[in-house]
Amino acid sequence: MKKEFTQILENKLASKAYKVESIKYAADLIDFYESRRAVSTQKFENLLKKYNYETIPIFSESPEYPHITLFHGSGGLEFWPCVDYEGGVTDTDEEIGTIIEEPEIWFPIDDLHESIRNEAENFSYEIRHTIPFVFLSTIWQNIEGDKNGIVVKTLENNSVSEFVFNDLAWDDLSNFKNFYSKDIRLKKYFNRNLSVYELYQRIQLTLHPVNPYKNTWRKYIKENNSIEIGSWGNEIGERVNDGEILISNKVNLLERLKWEKQKSDELINDNYAEIYFENHKEQIHQHAIEFPFISGAWWYKNELKHRLQEQDIIDLESELKIKLPFFFRTHLRLLNGRKFNKHNMRFAIDKSNDIKIEEFYNVEELKLKNQKSPTCLAIAITESFAELKIGVSEENHGQLKLDFPNGEKIDIELTFEEFINTAKY
């Protein structure tokens, strides 16, 4: 597992300044779990021998269907066995005991330069909360856990987030989240064991948090054939054997995520293997711009509801007699002032300083706050009441600056795309 996970991070962090520290951190975590694999495997096996489809009449008098559960506290990663009866969780099974413990191993954040600590710390959190689920999934596969015939999952306190082992999927992406029939003995879902990379990809596919404004491609191969599935926002793309990208829309982000999961299931069971490939960040189309954005499958409905049409942008440009820079233009059309999501609103203006945007202006506010034929367009207000402006004339097209109430002006030597991509809390 360590070799495969190291390769994943080598690819993912190729250009990151915190790559070495992250790979070392992951290796230390994996060593911790691997040193306990035999014990964790035995406990997991004991759990499924005690609680399975055949033993339901022995361990349960409840009319509700039981989900065999590895329970962990909110944010914690120590897993205890219990039974979930459609929302009612039993006490932990002390006879079996803790399946895996949480390691007292921490990312060396203080060893890094202050400028990269925020990003590195976020990624270290991702590593810490991905490895134990990959580890448990490998055990599930090795002991053929699907033979127990009923739903087996993890459950996090408070957030009620669930990872279902039967189809290795999170929450509403799982086909078994709402399975409650005692009349059906569940069968093996996949026709083969998944690789560490395939497990990693499935564990990364969550309903929250998710950044819809990120191009995501996954590639599957079988003999001389390849299929790539891509997504961005609520749009999906498919490409067969390096042909043209065929693009279509899903109703919302949740449906797109469900499609990605289901398509992956179908390809795996059709004996395709998922591999890492260099073009995994290719834009699905020219308007599929990328920027940091924390959202969720349900939040995104509001964003879609208030999205502008192309004609709205054309009307704005016509009324103000301007031509908007491409990236800002697309960002405005997608978010229209970003009124429903206030995460990641602090942005860098140079290597040492940043600003907090209080709000971006929507299309109606842009019309009210700007005169016709402006050389600079006011596009946002900061918490210190400075206006962020972008150049829209031929001489300064795309240039950013801050105008303060006291008359002070600061030029920002970043494009709008560069500026937006510095976002942090």
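Values quoted throughout were computed directly from the atomic coordinates according to the rules given, and no laboratory measurement underlies them. Keep in mind that what you see is a predicted model, and the values were worked out from it rather than measured. Cβ coordinates were reconstructed from backbone atoms using ideal geometry, including for glycine residues, and neighbour counts include every protein chain displayed.
Pairs to check: LYS214/LYS409; LYS16/LYS214; LYS214/LYS261; LYS188/LYS263. Give those whose C-alpha atoms are more than 21 Å from each other in this structure. Show your work: numbers first, answer last.
Details: LYS214/LYS409 33 Å; LYS16/LYS214 18 Å; LYS214/LYS261 17 Å; LYS188/LYS263 18 Å.
Beyond 21 Å between Cα atoms: LYS214/LYS409.
Rule-of-thumb check for segment 207-296: C-alpha Rg over 2.2 N^0.38 Å? Walk me through the numbers before you get to the answer.
Working: Rg = 12.8 Å, N = 90, 2.2 N^0.38 = 12.2 Å.
This ratio for segment 207-296 stands at 1.06.
When ranked by the protection proxy of mean other Cβ atoms within 10 Å per residue, highest first, what sequence do the peptides 307-313, 214-220 form?
Working: 307-313: 12.9, 214-220: 19.7.
In decreasing order of mean packing, 307-313, 214-220 become 214-220, 307-313.
State, to one decimal in nm, how far the label point of SER62 lies from the label point of GLU114, with both points 7 Å from Cα in the Cβ direction.
Using points 7 Å along Cα→Cβ, the separation is 5.2 nm.
Within segment 104-125, what residues put their amide N at less than 19 Å from the label point 7 Å along the Cα-to-Cβ vector of ASN46?
none
Debye sum, Cα scatterers, the chain, no solvent: what log₁₀ I/I(0) at q = 0.06, 0.10 1/Å?
-0.31, -0.81
For a quick check of your reading of the filter: which GluC sites (Glu not before Pro) in segment 229-278 sit in a DSSP loop and have no more than 16 other Cβ atoms within 10 Å? Walk me through the numbers on the way to the answer.
On the way: sites: GLU235, GLU238, GLU244, GLU255, GLU260, GLU266, GLU274, GLU278; in loops: GLU244, GLU278.
For GluC sites (Glu not before Pro) across segment 229-278 that sit outside H, G, I, E and B with at most 16 neighbouring Cβ atoms in 10 Å, the list reads GLU244, GLU278.
Across every pair of different alpha-carbon atoms, what Kirkwood hydrodynamic radius in Å does segment 325-419 reach?
One decimal place: 13.6 Å for the Kirkwood radius.
Figure the gain on full extension for GLU156 and SER352 (residue separation times 0.36 nm, minus the Cα-Cα span) and round it to one decimal in nm.
Working: separation 196, 0.36 × 196 = 70.56 nm, distance 3.85 nm.
Computed gain between GLU156 and SER352 is 66.7 nm.
Answer rounded, prolate or oblate for segment 139-191, using the Cα gyration tensor with square roots of eigenvalues a ≥ b ≥ c: rounded when a/c is under 1.5, else prolate when a/b is larger than b/c, else oblate.
Details: a/c = 1.93, a/b = 1.34, b/c = 1.44.
It comes out oblate by the Cα gyration axes.
When only C-alpha pairs under 8 Å and at least 6 residues apart count, what is the relative contact order of the chain, in percent? Walk me through the numbers before you get to the answer.
Working: 697 pairs, mean separation 42.1, N = 425.
Relative contact order, the chain: 10 percent.
If you fit an axis through the alpha-carbon atoms of helix 37-50 and take the longest principal axis of the Cα set of the chain, what angle between them do you get, 0 to 90°, nearest 10?
Tilt relative to the chain: about 70 degrees.
Considering only DSSP states other than H, G, I, E and B, which trypsin sites (Lys or Arg not before Pro) in segment 350-425 qualify as loop sites with at most 11 other Cβ atoms within 10 Å? Could you put the intermediate results ahead of the total?
Details: sites: LYS351, LYS356, LYS367, LYS369, LYS372, LYS389, LYS401, LYS409, LYS424; in loops: LYS351, LYS372.
In loop regions of segment 350-425 (DSSP not H, G, I, E or B), the sparsely surrounded trypsin sites (Lys or Arg not before Pro) are LYS351, LYS372.
First select every other residue whose beta carbon is under 12 angstrom from the beta carbon of GLU358; then total the charges, Lys and Arg +1, Asp and Glu -1.
+2
Taking the alpha-carbon set of segment 276-373, what are its Rg and Dmax in Å?
15.4, 50
How far is helix 114-142 tilted, in degrees, relative to the longest principal axis of the Cα atoms in the chain, given as a value from 0 to 90 rounded to the nearest 10?
30 degrees
Give the angle, between 0 and 90 degrees and rounded to the nearest 10, that separates the Cα long axis of helix 19-34 from the longest principal axis of the Cα atoms of the chain.
It works out to around 20 degrees.
Under 13 Å from the Cβ of VAL251, count the other residues' Cβ atoms, weight Lys and Arg +1, Asp and Glu -1, and hand me the total. Don't skip to the answer; put the middle values down first.
Details: positive: LYS250, ARG256, LYS258, LYS301, LYS305; negative: GLU235, GLU255.
Combined, the nearby Lys, Arg, Asp and Glu give +3.
Quick one: length gained pulling ASP91 to GLU394 fully straight, 0.36 nm per residue minus the C-alpha distance?
My answer for the length gained is 102.2 nm.
Once the piece of chain linking VAL251 and THR6 is laid out straight, how much longer is it, given 0.36 nm per residue of separation minus the C-alpha distance between them? Could you put the intermediate results ahead of the total?
Details: separation 245, 0.36 × 245 = 88.20 nm, distance 3.66 nm.
Length difference between fully extended and current span is 84.5 nm.
What distance in nm separates the two pseudo spin-label positions at ASP28 and GLU290, each 7 Å out from Cα along the beta-carbon direction?
Modelled inter-label distance: 2.9 nm.
Considering only DSSP beta bridges where both residues belong to the chain, give the percentage that are antiparallel (nearest 5). Intermediate values should be presented prior to the final figure.
Values: 55 of 60 bridges.
Here the antiparallel bridges make up roughly 90 percent for the chain.
Compute, for the chain, the length of the dipole vector about the Cα centre, with Cβ point charges of +1 (Lys, Arg) and -1 (Asp, Glu) only. Units Debye, rounded to 20. Present the calculation step by step, with values, prior to reporting the outcome.
Working: 53 positive and 72 negative charges, 144 e Å.
Here the chain has a charge dipole of around 680 debye.
Sort out for me the Cα centre separation of segment 56-105 from segment 294-319, rounded to whole Å.
Measuring centre to centre over Cα atoms gives 43 Å.
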